[in-house]
Amino acid sequence: MLDFPIYLDNNATTPVDPRVLEAMIPYFTKFFGNAASRNHAFGWKGEEAVDYAREQVAALIGADPKEIIFTSGATESNNLAIKGVFEMYAQKGNHIITVETEHKAVLDTCKHLEKLGAEVTYLKTDIQGLITPEQVEAAIRPTTVLISIMYANNEIGVIQPVKEIAALAKKHGVLFHTDATQAVGKIPVDVIADGIDLLSLTAHKMYGPKGVGALYVRRKNPRVKVTSQMDGGGHERGMRSGTLNVTGIVGLGKACEICKTDMEADTARISKMRDRLEKELLTMEEAYVNGSVEHRLPHITNISFKYVEGEGLMMGIKNLAVSSGSACTSASLEPSYVLKALGLDDELAHSSLRFGLSRFTTEEEIDYAIEHVRDAVLKLREMSPLWEMFKEGIDLKSIVWAEH
Amino acid sequence: MAYSEKVIDHYQNPRNIGTLDKSKKNVGTGLVGAPECGDVMRLQIEVDEETGIIKDAKFKTFGCGSAIASSSLATEWLKGKSVNEALTIDNMDIVEELALPPVKIHCSVLAEDAIKTAINDYRVKNGLEPIEDTKKHY
C-alpha cells in the first residue's frame with residue numbers, strides 16, 4: 001500500500017527517525033533542565049545528555065567531543081565558521097576562497113564579508129560540478145585566511161575532492177572549512193583523515209529534528225579559533241552563546257549514532273534504488289543526469305528532461321514530492337544558479353528534477369515514481385512546441401526568440 | 001502555492017492541443033517566449049476566409065501549469081470569434097478567469113502576445129498591415 005504523497009525530496013529535509021524521536025521525548029517534559037544550571041539535578045541531567053550527544057556527533061565524524069559546537073543548524077554553522085575565522089584571523093589577511101555552487105548560507109556570508117573588506121574568490125566548477133585541487137592552489141594568496149568548499153552539493157550531490165584540497169590548504173597554512181550538510185551521515189566523513197579544520201553539519205538532513213546543528217572546530221594541529229557571532233552567556237567554549245537546545249541536541253546525537261551504525265546498509269539499499277530510478281528514467285529520449293555520477297552521494301539524482309518545463313512536470317506528478325531547478329519554483333524567476341554554474345543551458349536547468357531518497361524510501365515508491373514521471377514527461381512533450389521542433393530536426397538555437 | 005481548480009482542469013484536460021498547417025494562407029501562427037525563460041507558447045488560428053471567423057485554434061506550450069492553462073483557455077476563447085474580436089482579448093481576462101496569482105501574470109501576458117502574434121501573422125499573409133501592439137508589456 002502506497003501512502004501519498006510520496007516524499008522524494010530528502011535533500012531538502014528528512015523525516016525524523018522514530019528512534020530519534022523516542023530519544024528526544026523525555027527531554028521535553030521530564031528532563032527539561034537548562035544544561036548550564038550547575039547547581040541542581042535538572043541541570044546536571046541536561047548537561048549529561050548534551051555531553052553524550054557531543055560524543056555521538058564527534059564519533060560520526062572522527063572528532064574529539066570537545067571540538068563540537070552546537071548551533072541552530074548548518075546556516076548558523078557556516079556563518080560562524082566563515083565570519084568567525086575572518087574576524088579572528090584579520091591580522092593575517094582578508095582573502096577567502098569558495099566555489100560558485102556553494103549553498104547560499106556560504107555565498108551570502110561571503111558577499112556580506114566583501115562589504116566589510118573581504119576579498120573572495122569564487123571558483124568555477126567544470127560541467128560535472130567538480131573543482132580541482134589545482135584550481136584551489138592557484139587561487140591561494142599570502143592573504144588567504146580561509147578555503148570554504150562544500151563536501152557534497154545539495155542540488156546535484158556531487159562530492160568535491162575534499163581531502164586533496166584540505167592537504168593543499170594545510171601546506172599553505174590556510175584554514176579549511178567544509179559545509180558537509182549533505183554528506184555527514186550519508187557517506188564516511190572523517191575530520192582527521194580528511195584534514196578538515198572546520199565542518200558544518202545539521203540534524204534535519206540525517207533524520208534528526210530541524211533547528212539544531214553543529215560546527216566542528218579543530219583543537220589541535222592547528223588549534224582553530226572563531227570569533228563568536230552572538231554575545232551572551234559564553235556557552236560552547238565562548239564560541240556560541242545561547243541556552244543549549246537540549247532536546248534538539250539529544251536528537252542530533254541519536255541521529256548521528258544511527259547514521260554511524262546503519263550507514264553501510266542504508267547506502268547499499270538506497271543507492272541501488274537510486275540507480276534503478278535513474279536508469280529507468282534515462283531510457284527516455286533526451287533525458288540527462290546533471291553533475292558527476294562518479295563522485296556523487298548515494299541517495300540523489302538530478303535529471304533534466306529536455307523540452308519539458310520542471311514546474312509543469314511537477315504538477316503532473318502531484319503525488320510525488322520532488323524539487324526542480326526550474327525558475328518557476330522560485331520567486332526570482334531565475335533557474336537554479338547551481339545548474340547554471342555547471343554551464344548548463346538555462347533551458348536544461350528549467351527542465352530538471354531532483355530526486356532525493358531516504359532510508360524510508362521503498363521499492364514500491366520507486367516503481368510509482370518511474371511510471372508516473374515517465375507518463376508526465378511523455379504527456380507534456382506531446383504538448384511542447386519545442387519537442388515538436390526537435391522532432392522535426394529544427395535547431396532551437398537557430399531561432400530568434402522574443403525575449404520577455 | 002496551490003493552483004486554482006480551473007488551472008488544474010486545463011492542465012489535466014488541455015483544450016485544442018495540436019498543430020495547424022502553417023503554410024496555409026488562412027492560418028496564423030504565433031510563437032512567443034523563449035526556452036531559456038522557461039516558457040514557449042505556440043498558438044495558431046485558422047480563419048474562415050468567407051466570414052472572417054476563427055474556425056479553429058490550436059496550441060502547444062512549454063512551461064508551467066499556468067502557462068499551459070493560459071494558452072489552453074486562449075484557444076477556447078478564440079474559436080468562433082472574428083479576428084477583430086479576438087484582438088480584444090486582454091491578459092487580465094485570463095488572469096481573472098484562471099485566478100492566477102501575481103507571480104503567474106506573465107503567463108497570461110504571454111498568451112495575449114501569442115494571440116496578437118498569430119493574428120498579425122495571418123494579417124501579413126493576407127496583405128494587411130500588422131496591428132501595432134499599443135500595450136507594451138516589456
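Can you name the strands (runs of 3 or more DSSP E) wholly within segment A:287-365 that have at least 3 residues being crowded, with 24+ Cβ neighbours inside 10 Å? Give the derivation first.
Values: elements: A:287-289, A:300-305, A:352-356.
Counting at least 3 such residues, we get A:300-305, A:352-356.
Being closer than 20 Å to A:Gly312 by Cα and either within 11 Å of chain A (Cβ to nearest Cβ) or open to solvent by 50 Å² or more (accessible area, probe 1.4 Å) (or both) is the requirement here; does B:Pro102 meet it?
Details: closer than 20 Å to A:Gly312 by Cα: yes; either within 11 Å of chain A (Cβ to nearest Cβ) or open to solvent by 50 Å² or more (accessible area, probe 1.4 Å) (or both): yes.
Considered against the rule, which asks whether it is closer than 20 Å to A:Gly312 by Cα and either within 11 Å of chain A (Cβ to nearest Cβ) or open to solvent by 50 Å² or more (accessible area, probe 1.4 Å) (or both), B:Pro102 comes out as yes.
Just to check your reading of the model, which residue among B:Thr61, B:Thr88, B:Thr75 is hydroxyl-bearing (Ser, Thr, Tyr) and farther than 25 Å from A:Ile399 by Cβ? First the steps, then the outcome.
Details: B:Thr61 fails: farther than 25 Å from A:Ile399 by Cβ; B:Thr75 fails: farther than 25 Å from A:Ile399 by Cβ.
Exactly one residue qualifies, and that residue is B:Thr88.
In segment B:23-36, what residues are farther than 14 Å from B:Asn120 by Cβ and over 13 Å from the mean Cα position of the chain (by Cα)? If you could, list the steps in order and put the result at the bottom.
Within segment B:23-36, the first condition is being farther than 14 Å from B:Asn120 by Cβ, and the residues that meet it are B:23-26, B:33-36.
Matches in segment B:23-36: B:Ser23, B:Lys24, B:Lys25, B:Asn26, B:Ala34, B:Pro35, B:Glu36.
Given the residues A:Asp194, A:Asp190, A:Asp231, which is the only one that is over 15 Å from the mean Cα position of the chain (by Cα) and without any contact (Cβ under 8 Å) to a residue 12 or more places away in the chain? Reasoning before the result, please.
Values: A:Asp194 fails: without any contact (Cβ under 8 Å) to a residue 12 or more places away in the chain; A:Asp190 fails: without any contact (Cβ under 8 Å) to a residue 12 or more places away in the chain.
Going through A:Asp194, A:Asp190, A:Asp231 in turn, the sole match is A:Asp231.
What do you reckon, is A:Val224 of a type in the set (A, V, I, L, M), over 16 Å from A:Ser72 (Cβ atoms) and either part of a loop (DSSP other than H, G, I, E, B) or out of contact with any strand residue (DSSP E or B) (no Cβ under 8 Å at 6 or more places or on another chain) (or both)?
Judged against the criteria, A:Val224 is a match.
Can you confirm whether segment A:381-399 contains a residue that is touching a Gly at 6+ places or on another chain (Cβ under 8 Å) and within 14 Å of chain B (Cβ to nearest Cβ)? Let's see the steps before the verdict.
Of all residues in segment A:381-399, those touching a Gly at 6+ places or on another chain (Cβ under 8 Å) come to none.
No; the residues of segment A:381-399 include none that is touching a Gly at 6+ places or on another chain (Cβ under 8 Å) and within 14 Å of chain B (Cβ to nearest Cβ).
Do we have any residue at all in segment B:14-33 that's in contact with a His (Cβ under 8 Å, 6 or more places away or on another chain) and over 17 Å from B:Glu97 (Cβ atoms)?
Yes - at least one qualifying residue is present in segment B:14-33.
Given the conditions (1) more than 12 Å from chain B (Cβ to nearest Cβ); (2) open to solvent by less than 10 Å² (accessible area, probe 1.4 Å); (3) in a helix (DSSP H, G or I), which single one is not true for A:Lys272?
The single condition A:Lys272 does not satisfy is (2).
Return the total of residues in segment A:28-61 being in a loop (DSSP other than H, G, I, E, B) and polar (S, T, N, Q).
First, the residues of segment A:28-61 that are in a loop (DSSP other than H, G, I, E, B): A:30-40.
From what's left, polar (S, T, N, Q): A:34, A:37, A:39.
The qualifying residues number 3.
Does segment A:352-363 contain at least one residue that is within 14 Å of chain B (Cβ to nearest Cβ) and either under 30 Å from A:Ile258 (Cα atoms) or not aromatic (Phe, Trp, Tyr) (or both)?
Yes, the conditions are met somewhere in segment A:352-363.
Check segment A:49-72 and report whether any residue there is surrounded by fewer than 18 Cβ atoms within 10 Å (Cβ to Cβ), free of Cβ contacts under 8 Å to residues at least 24 places away in the same chain and more than 14 Å from A:Glu236 (Cα to Cα).
No, there is no match, as no residue in segment A:49-72 is surrounded by fewer than 18 Cβ atoms within 10 Å (Cβ to Cβ), free of Cβ contacts under 8 Å to residues at least 24 places away in the same chain and more than 14 Å from A:Glu236 (Cα to Cα).
Take segment B:58-70 and flag every residue that is touching a Leu at 6+ places or on another chain (Cβ under 6 Å) and open to solvent by less than 10 Å² (accessible area, probe 1.4 Å).
B:Phe59, B:Phe62, B:Ser66, B:Ala69
Do you know which of the residues in segment A:129-171 that are closer than 30 Å to A:Glu278 by Cα and charged (D, E, K, R) is least open to solvent (accessible area, probe 1.4 Å)?
Among those that are closer than 30 Å to A:Glu278 by Cα and charged (D, E, K, R), it is A:Glu155.
Residue check: is B:Gly28 of a type in the set (Gly, Ala, Ser) and modelled with pLDDT under 95? Working first, answer last.
Working: of a type in the set (Gly, Ala, Ser): yes; modelled with pLDDT under 95: no.
No: the conditions fail for B:Gly28.
Could you run through segment A:1-27 and say how many residues are open to solvent by 90 Å² or more (accessible area, probe 1.4 Å), assigned to a loop (DSSP other than H, G, I, E, B) and touching a residue at least 60 places away in the same chain (Cβ under 8 Å)?
Final tally of qualifying residues: 1.
Can you name the residue in segment B:20-37 that is among the basic types (Lys, Arg) and closer than 17 Å to B:Gly52 by Cα and, of all such residues, is least open to solvent (accessible area, probe 1.4 Å)?
Our first condition is that a residue be among the basic types (Lys, Arg); within segment B:20-37, this holds for B:22, B:24-25.
Among the residues that remain, those that are also closer than 17 Å to B:Gly52 by Cα are: B:24-25.
On the way: B:Lys24: 85, B:Lys25: 117 Å².
Selected residue: B:Lys24.
Could you count how many residues in segment A:104-162 are in contact with a Gly (Cβ under 8 Å, 6 or more places away or on another chain) and among the small types (Gly, Ala, Ser)?
2
List every residue pair whose Cβ atoms sit under 6 Å apart, with the two residues 6 or more apart in sequence or on different chains, where the first one lies in segment A:285-306 and is within 17 Å of B:Glu36 (Cα to Cα) and the second, anywhere, is among the aromatic types (Phe, Trp, Tyr) and open to solvent by 20 Å² or more (accessible area, probe 1.4 Å).
Note: pairs meeting the criteria are A:Ser304/A:Tyr288.
The values are calculated or read from the model by the stated rules, or taken from the named source; none is laboratory data. All values reported here derive from a predicted model rather than from experimental measurement. Neighbour counts run over all protein chains shown; Cβ positions are idealised from the backbone, glycine included. For the accessible areas, the whole protein counts, side chains as well, though only heavy atoms, and no ligand, DNA or RNA atoms are used. Shrake-Rupley method; radii C 1.70, N 1.55, O 1.52, S 1.80 Å.
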